[in-house]
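Student: The structure under discussion is supplied below as structure tokens; questions concerning it will follow.
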Amino acid sequence: MRKTVLFILALLALSACKDPGSAVNEPPPTAAAVKGAPDPALAEMSRQQGQTLRAVRERGRLNCGVATGQLGFAYTDDRGIWRGFDIDFCRAVAAAVFGDANRVRFVPLDSKARFTALQSGEVDVLARNTSWTFTRNVGNHLAFVGIYYYDGQGFMVRKALHLTSANQLNGARVCLQSGTTTELNVADFFRLHGLRYTPVVVDSEDQARQSYAREACDAYTGDVSELASMRTILPRPDDHVILPEVISKEPLGPSVREGDSQWEDVVRWTLFSLVLAEELGVTSNNVDQMRATSQNPEVQRLLGVTGGYGRMLGLSDDWAYRMIKAVGNYGEIFDRNLGKGSPLGLPRGLNARWNANPAGLMYAPPLR
């Protein structure tokens, strides 16, 4: 009897020495886990999580918050069709979820209403020239899924003023939008350089353009991409110049509500997959051929030939294939709306691939 008690006590002592965070009856790793492939059990867990994806599917469409009208990013053409860089990103998310890029409703939002619309559930994604900042991320409880356009704030003036630098704006009247980061950036710039200015505050892009056009201000400030967009629709675009100084960092990116990690992953990997597709040379024109013939393991995973990665997001395994076929890769979207194939003609600059020549900052984590 005494030997039996001692044996039991020894077993208890051994159990107590185990890592308290480990599972006593932990099962052996699955074959998928050993090979490095997604575990079907984990994929099933992912499908069962996430209220947003479920709500989007039950509704039958994606609600995407966009700008009220900005050439290159979000605007309606002469047939009333939404077009632009932000629009194509929303269409990519819809294609990933539904396999149909047209199953999206675009909700135009001004700078004051955009965050409330996302927080209240009016929109599922905010893809609207919005800079990722600390207060917006932490204070407004928004989850920015990544950066899809690296921008910065600048100034546009009339050529007739013969200005070559923002440092010459002493005493200028400056039009700017309320409810944006531009107000603080302008105040910082003028204070730092010991310059005076008179702010002319407006509520929207349209009001800013109208105020500037009727010469209610000497300069208009905003993101450089916004200035380039606004200049194209002024009566005589060549009469205006964007000054060389970029006075802030404005990392623009789509955001979702905090608290739904699955939906955050869906939108984040939509962005990453568009960037990765360009890096791998997968385009809307060759995606079918690449899916059928490519021997590159990462191309095969991206296009759903192998791996089962879509199921981990709660999507079909060919989700990225369907969105690339519908809207193209990141480079195609950029060129069509902002770059050489667009009226704006913006250079890629920082928005070039990390391995381009010259190199930019667009970089996606590996799909593995």
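The values are calculated or read from the model by the stated rules, or taken from the named source; none is laboratory data. Please read all numbers here as calculations on a predicted model, not as lab measurements. Virtual Cβ from ideal backbone geometry, glycine too; neighbours counted across all protein chains shown.
Student: Within the stretch 122-129, identify whether any single residue is surrounded by fewer than 23 Cβ atoms within 10 Å (Cβ to Cβ) and not assigned by TED's automatic domain parsing to the domain that holds A228, and answer yes or no.
Tutor: yes
Student: With (1) in contact with a strand residue (DSSP E or B) (Cβ under 7 Å, 6 or more places away or on another chain); (2) of a type outside the set (G, A, S); (3) surrounded by 24 or more Cβ atoms within 10 Å (Cβ to Cβ) as the list, and F73 as the residue in question, which single condition is left unmet?
Tutor: (1)
Student: From (1) touching a Cys at 6+ places or on another chain (Cβ under 9 Å); (2) part of a loop (DSSP other than H, G, I, E, B); (3) among the charged types (D, E, K, R), pick out the condition that doesn't hold for R91.
Tutor: (2)
Student: A further question on this structure: When only residues in the stretch 328-350 that are crowded, with 23+ Cβ neighbours inside 10 Å and closer than 16 Å to A277 by Cα count, which is nearest to the chain's Cα centre (by Cα)?
Tutor: Among those residues, the one meeting the criterion is Y330.
Student: For the stretch 243-274, what are the residues that are in contact with a strand residue (DSSP E or B) (Cβ under 6 Å, 6 or more places away or on another chain) and surrounded by fewer than 16 Cβ atoms within 10 Å (Cβ to Cβ)?
Tutor: Hit for the stretch 243-274 is E258, nothing else.
Student: Now a separate question. Pairs only if they're at least six apart or on different chains, beta carbon under 6 angstrom, first in the stretch 295-313 and β-branched (V, I, T), second surrounded by fewer than 21 Cβ atoms within 10 Å (Cβ to Cβ); list them, first residue then second.
Tutor: V299/L280; T306/Q300
Student: When only residues in the stretch 331-368 that are closer than 27 Å to I233 by Cβ and among the basic types (K, R) count, which is modelled with the lowest pLDDT?
Tutor: This residue is K340.
Student: Looking at the stretch 227-246 only, could you name the residues that are within 24 Å of the chain's Cα centre (by Cα) and modelled with pLDDT of 95 or more?
Tutor: V246
Student: Still on this model: So the check is Cβ under 9 Å with 6+ separation or different chains; which pairs have a first residue in the stretch 212-236 that's without any contact (Cβ under 8 Å) to a residue 60 or more places away in the chain and buried (at least 21 other Cβ atoms within 10 Å of the Cβ) and a second one that's of a type in the set (A, V, I, L, M, F, W, C) and part of a loop (DSSP other than H, G, I, E, B)?
Tutor: Cβ pairs passing all conditions: Y212/L234.
Student: Given the criteria in a helix (DSSP H, G or I) and either touching a Ser or Thr at 6+ places or on another chain (Cβ under 9 Å) or at pLDDT 95 or above (or both), does F115 qualify? Talk me through it step by step, then tell me what you get.
Tutor: Working: in a helix (DSSP H, G or I): yes; either touching a Ser or Thr at 6+ places or on another chain (Cβ under 9 Å) or at pLDDT 95 or above (or both): yes.
Here the answer is yes, as F115 does meet what is asked.
Student: Related question: Is there a residue being over 27 Å from A92 (Cα atoms), buried (at least 22 other Cβ atoms within 10 Å of the Cβ), small (G, A, S) and in contact with a Ser or Thr (Cβ under 8 Å, 6 or more places away or on another chain) anywhere in the stretch 148-169?
Tutor: Yes, the conditions are met somewhere in the stretch 148-169.
Student: May I pose another question? Among (1) surrounded by 19 or more Cβ atoms within 10 Å (Cβ to Cβ); (2) of a type in the set (S, T, Y); (3) part of a loop (DSSP other than H, G, I, E, B), where does Y321 come up short?
Tutor: Result: Y321 fails condition (3) only.
Student: Also, I was wondering about something else. With respect to G328, is the statement that it is at positive phi and in contact (Cβ under 8 Å) with a residue 12 or more places away in the chain true?
Tutor: Taking the combined requirement at face value, the residue satisfies it.
Student: Tell me the residue from I87, I81, I8 that is surrounded by fewer than 11 Cβ atoms within 10 Å (Cβ to Cβ), at pLDDT 95 or above and aliphatic (A, V, I, L, M), please.
Tutor: I81
Student: Hey, among the residues in the stretch 123-181 that are charged (D, E, K, R) and in a loop (DSSP other than H, G, I, E, B), which one's modelled with the highest pLDDT?
Tutor: Going through the qualifying residues, I end up with D124.
Student: So, one more: Can you confirm whether the stretch 186-202 contains a residue that is out of contact with any Pro (no Cβ under 8 Å at 6 or more places or on another chain), hydroxyl-bearing (S, T, Y), modelled with pLDDT under 95 and surrounded by fewer than 20 Cβ atoms within 10 Å (Cβ to Cβ)?
Tutor: no
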